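Enquirer: I have a structure I would like to understand better, so I am pasting it below and will then ask my questions one at a time.
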Amino acid sequence: MGKIGDSKNSEKVIFINFKSKISDMQDNLSIEVINIEYPKKKKERIGKAMDEYVAQHYKNKGYKVLFSKVINEEINYSTFLKDYPYQYDRKYFEDNISFYKRILETSKRENKKPSIWINGKQLTQEELRDKIKREITELNHIEELNKNFQVQYLKFKENFSSYCGELRKMKTINGKPDLFVYNWKEFFFCEVKSHNDSWNGKQVAWHLQHKKFPYRLVFVK
């Protein structure tokens, strides 16, 4: 039988006690059923995925949340769990900016449109200037993200040093959970399911391969 414990806001956490050969993972696997107000039809969510609703739920409870994929310009947790949280090539941005500036200067000197097309459309000088500004803004944004996540990671590493070496070794992509949720007392991987969804074989296999890490299966009502 499962052991069910009630918590605030009518949330229920169900801890499953396996009696099979996978019983040794029971301490790290939990199921949580949460009530969240969200549009039940996908077309009404305006492109917002279910895991974003759950992420906000945990953020409201004081957790920090990272996604398995890059979403809303946030870093993904696979990158965060490395020693250098955000990998980017500064030279790539600088080379692009320098390239666009040269084209713009040539365009002004020759008094004609820049020799650059995007999606089949030749840019005007004003559009190219805007593009250069966006590239510079993006570079600055990424550097700020990098600084922020390095601070976060170093604190995470300090609090969970016994796990960090193993977390860095994770390479399995198929079935990896939607979210990585943490504060300075605990962390867990989180797989999000809607009311009519289920845990699939690849996701079960991922958990069995990484069963030393806390894993929470969240069903949204």
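The values are calculated or read from the model by the stated rules, or taken from the named source; none is laboratory data. Remember, predicted model here, so these are calculated numbers, not experimental data. Here the Cβ positions follow ideal geometry from the backbone for every residue, glycine too, while neighbour counts run over all protein chains shown.
Enquirer: Restricting to segment 156-182, name every residue that is buried (at least 21 other Cβ atoms within 10 Å of the Cβ) and over 24 Å from Trp199 (Cα atoms).
Expert: Phe156
Enquirer: Kindly list, by first and then second residue, each pair from a residue in segment 149-162 that is farther than 15 Å from Lys185 by Cβ to a residue that is part of a loop (DSSP other than H, G, I, E, B) and modelled with pLDDT under 90, limited to pairs with Cβ atoms under 7 Å and residues at least 6 apart or on different chains.
Expert: That search, which allows pairs on different chains as well, returns Phe149/Ile75; Phe149/Pro85; Phe149/Tyr86; Gln150/Pro85; Tyr153/Pro85.
Enquirer: Are there any pairs with C-beta distances below 8 angstrom linking a residue in segment 121-147 that is closer than 11 Å to Ile97 by Cβ to a residue that is surrounded by fewer than 16 Cβ atoms within 10 Å (Cβ to Cβ) and modelled with pLDDT under 85, with the two at least 6 apart or on different chains, and if so which?
Expert: The qualifying pairs are Leu139/Arg90.
Enquirer: Further question on the same structure: Does segment 202-221 hold any residues that are free of Cβ contacts under 8 Å to residues at least 40 places away in the same chain and among the aliphatic types (A, V, I, L, M), and which are they?
Expert: Val204, Ala205
Enquirer: Since Ser68 meets every condition but one in (1) of a type in the set (Gly, Ala, Ser); (2) out of contact with any strand residue (DSSP E or B) (no Cβ under 7 Å at 6 or more places or on another chain); (3) at pLDDT below 95, which condition does it not meet?
Expert: The number of the failed condition is (2).
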